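These notes are about the structure you will find just below.
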Amino acid sequence: MLKCLAIDDEPLALRQLAAYIAKTPYLELAASTTNALEAQRIVGTQPIDLLFCDINMPDLNGLDLVRSLPHPPMVIFTTAYSEHAIEGFRLDAIDYLLKPFDFAEFSRAATKAYSLYELRQQAAKQQEAPAAEPTIEPVIEPASIEGEEKEYLSVKADYKVSLVRTSDILYIESEGEYVRLHLADGSKIMTLFRMKKMEDALPADSFMRIHRCYIVNLNRIKSFVRGRVYLNEKEYLPIGERYKEEFRHHVEQKYKTL
């Protein structure tokens, strides 16, 4: 059960958050407030696992609130202004809900937070296990399969090893100390692993880091425009400022412009 703190200066939006949290079995509303300064006090005095935090608030906005916390819990930002999305992800936010959002969108974001929470709990249990007991540590490394020319990754997570064909990976998403592999069949694999090591494990001719939080399979990109790459008509990833030049160079080298 994740203990949640809901923060929004609009009472109606706050009530909606509380209602959505109440409908979600693995969430518990520990407190709610319309004041970011009060939220600081709450986080400092009781255990909070997850913040649902509005960005545009008087006195102290949601971004500055999270920056001010010495050990911030997981955060899902809620706002009516999409231009804050990149800054929110720079703070390692779990997700970003653009108002008005429905329960399905809320539930998807909450599920991401709960998956990360469970992985952290598993990692903590492994560290506490007696030295004599064998444990499975998350590892991602290249693997070859006899009779198959295409490269695989062997991913150890959730106490099992999954063999993932690199060509089936749409993109990789960083979530703090974890990475989530998004696969072509719609499934996801999340494991304790650093983004930089993931870059090294993937074939450089097929994968590129386009954002501090994303590595994309270049062969899966359908289109790109205004700092975004589209994997289909609706799903897109942002291109970070420091990665735009490298991506532009890749496009110029690989594709003929008509």
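A compact table of results
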item: Within segment 23-60, tally of residues that are part of a strand (DSSP E or B), under 21 Å from GLU105 (Cα atoms) and touching a helix residue (DSSP H, G or I) at 6+ places or on another chain (Cβ under 6 Å); result: 7
item: In segment 108-127, residue nearest to ASP49 (Cα to Cα) [restricted to those that are among the small types (Gly, Ala, Ser) and within 14 Å of the chain's Cα centre (by Cα)]; result: ALA113
item: Condition check for TYR96: free of Cβ contacts under 8 Å to residues at least 60 places away in the same chain, exposed (fewer than 14 other Cβ atoms within 10 Å of the Cβ) and closer than 25 Å to GLY240 by Cα; result: no
item: Qualifying residues in segment 35-65 (those that are of a type in the set (S, T, N, Q) and farther than 14 Å from LEU14 by Cα) - the one farthest from the chain's Cα centre (by Cα); result: THR45
item: From the options GLU28, GLU38, residue that is surrounded by fewer than 20 Cβ atoms within 10 Å (Cβ to Cβ), assigned by TED's automatic domain parsing to the domain that holds ASP102, in contact with a Lys or Arg (Cβ under 6 Å, 6 or more places away or on another chain) and farther than 16 Å from ASP95 by Cβ; result: GLU28
item: Residue satisfying condition, being part of a helix (DSSP H, G or I) and either among the aromatic types (Phe, Trp, Tyr) or in the same structural domain as TYR214 (by TED's automatic domain parsing) (or both), within set PHE106, PHE101, PHE77; result: PHE106
item: Residue satisfying all of: in segment 216-234; surrounded by 13 or more Cβ atoms within 10 Å (Cβ to Cβ) and part of a strand (DSSP E or B); nearest to the chain's Cα centre (by Cα) among these; result: VAL216
item: Conditions (1) buried (at least 20 other Cβ atoms within 10 Å of the Cβ); (2) within 25 Å of TYR114 (Cα to Cα): number failed by LEU202; result: (2)
item: Long-range neighbours under 9 Å by Cβ, at least six apart or interchain, first residue among the basic types (Lys, Arg) within segment 7-36, second surrounded by fewer than 17 Cβ atoms within 10 Å (Cβ to Cβ) and part of a helix (DSSP H, G or I); result: LYS23/PHE103; LYS23/SER107
item: Residue match in segment 61-72 (condition: out of contact with any strand residue (DSSP E or B) (no Cβ under 8 Å at 6 or more places or on another chain), within 30 Å of ARG228 (Cα to Cα) and not in a helix (DSSP H, G or I)); result: yes
item: Looking only at segment 171-215, and only at residues there that are assigned to a strand (DSSP E or B) and aromatic (Phe, Trp, Tyr), the one that is nearest to VAL155 (Cα to Cα); result: TYR178
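The values are calculated or read from the model by the stated rules, or taken from the named source; none is laboratory data. In this text, all values refer to a predicted model and were calculated from it rather than measured experimentally. Cβ atoms come from the backbone with ideal geometry, glycine included; neighbour counts cover every protein chain shown.
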